[in-house]
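The values are calculated or read from the model by the stated rules, or taken from the named source; none is laboratory data. Keep in mind the model is a prediction, meaning the values are calculated, not measured. Cβ coordinates were reconstructed from backbone atoms using ideal geometry, including for glycine residues, and neighbour counts include every protein chain displayed. Quick note on the areas: whole protein, heavy atoms, side chains included, nothing else; ligands and nucleic acids left out. Shrake-Rupley method; radii C 1.70, N 1.55, O 1.52, S 1.80 Å.
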Amino acid sequence: MKSIVFLDLDGTFWDMEQVPESALKAVQKAEENGHLILTNTGRSRSSAESALEGLPLSGQVYSAGSEIWLDGKQIFCQPLGAVRTHRLLDEINKWDVAVTLEGSNTLFHNQKARDHMYEKSKDGTIVSALMNAKDISEIKEDEFADIMKISLHGLKPGQIDDLLARENMVTTEFSIFKENSGVNGEITDRNLTKGTAFKPILEGLGQEEKNYQTIAFGDSENDLPMFETAEIAVAMGNADPAIQDKADYVTEPIHEDGLYHAFERLGLLDNNAAPEWIKKQK
């Protein structure tokens, strides 16, 4: 049986958009063996596509399941909607927080977000695509329809809860941006997750689910829907222990060739039986 492998990006497939050589080798070999490798990220297409260009992938899932590409074609796209985005932004603008609107094709910051990104760029945390975003004041009316998610920095605990409930949204905290000054996270449609992306991909392949084994790799909170949906869930060794506890297996950290070792153990590289894992979770 062939596998569809879903890879989270940051902390799983790459670190600051640098893919370990061993991970790239594993993906290339697995693809050659007939398996399908797709990235599955919370990042919007506008902030990740350029860095993914040229990598040996069968497809990409962006914005936590809101946009899906398979074999170079978009097979699913569900933005927040212009009306909904306006409502959200009108409420959020009442607060003194950093705001980034992330679309499939567009990126916009308010000034507070721009200042935040500049500070983060000093330690290499922020990727160039986010640094180059336009100011929110420049957004055109038709571009509101392109927005897939909204990223916020500096929220007070519980500040956004009522708004999320009214708009049927959910927020996921950025693990790499945890700060004492506030809560930082991205808000997306509650009905779309990294796990809901599995179904349209299988349908796009024109195959019954039984024809593929699904495997998910991740290291953070927004990977849990993938873990719950996939037949096999693998956490990176650099993941928080709470995330590792939700996985079937834990592999080595990203910088210790974790992805390669996991692909090898899963039989994705030579289709042979795999040795024991370093830890089995359930």
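Conditions (1) over 22 Å from Thr188 (Cα atoms); (2) basic (Lys, Arg); (3) in contact with a Lys or Arg (Cβ under 9 Å, 6 or more places away or on another chain); (4) modelled with pLDDT under 95, marked per residue:
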| site | (1), (2), (3), (4) |
| --- | --- |
| Leu7 | no, no, no, no |
| Asp10 | no, no, yes, yes |
| Asp15 | yes, no, no, yes |
| Glu21 | yes, no, no, no |
| Lys29 | yes, yes, no, no |
| His35 | yes, no, yes, no |
| Thr41 | no, no, yes, no |
| Ser47 | no, no, no, yes |
> Would a scan of segment 32-44 turn up a residue that is part of a strand (DSSP E or B), out of contact with any helix residue (DSSP H, G or I) (no Cβ under 9 Å at 6 or more places or on another chain) and either of a type in the set (A, V, I, L, M) or open to solvent by 10 Å² or more (accessible area, probe 1.4 Å) (or both)?
Replying inline: no
>> Being more than 18 Å from the chain's Cα centre (by Cα) and of a type in the set (A, V, I, L, M, F, W, C) is the filter here; which residues of segment 196-231 pass it?
In response: Leu202, Leu205
>> I need a count of the residues in segment 83-99 that are in contact with a Phe, Trp or Tyr (Cβ under 8 Å, 6 or more places away or on another chain) and under 18 Å from Glu67 (Cα atoms).
In response: 1
> Of the conditions (1) open to solvent by 30 Å² or more (accessible area, probe 1.4 Å); (2) under 29 Å from Leu80 (Cα atoms); (3) part of a loop (DSSP other than H, G, I, E, B); (4) modelled with pLDDT of 95 or more, Asn238 fails just one. Which one is it?
Replying inline: (2)
> Checking Tyr118 against (1) more than 16 Å from Ile139 (Cα to Cα); (2) of a type in the set (Phe, Trp, Tyr); (3) open to solvent by less than 40 Å² (accessible area, probe 1.4 Å), which single condition isn't satisfied?
Replying inline: (3)
> Can you tell me which residues in segment 197-222 are touching a Ser or Thr at 6+ places or on another chain (Cβ under 8 Å) and either within 16 Å of Gly59 (Cβ to Cβ) or crowded, with 21+ Cβ neighbours inside 10 Å (or both)?
Replying inline: Phe198, Tyr212, Thr214, Ile215, Ala216, Phe217, Gly218, Asp219, Ser220, Asn222
> Yes or no: Asn93 modelled with pLDDT under 95 and at negative phi?
Replying inline: yes
>> Condition check: open to solvent by 30 Å² or more (accessible area, probe 1.4 Å), acidic (Asp, Glu) and modelled with pLDDT under 90. Does Asp270 satisfy that?
In response: yes
>> Of all residues being open to solvent by 40 Å² or more (accessible area, probe 1.4 Å) and of a type in the set (S, T, N, Q) in segment 96-115, which is modelled with the highest pLDDT? Just the residue, please.
In response: Asn105
> What are the residues in segment 131-158 that are aliphatic (A, V, I, L, M) and either under 21 Å from Leu88 (Cα atoms) or modelled with pLDDT of 85 or more (or both), if any?
Replying inline: Ala133, Ile136, Ile139, Ala145, Ile147, Met148, Ile150, Leu152, Leu155
>> Return the residues of segment 223-235 that are buried (at least 21 other Cβ atoms within 10 Å of the Cβ) and outside any helix (DSSP H, G or I); say none if nothing qualifies.
In response: Ala230, Ala233, Val234, Ala235
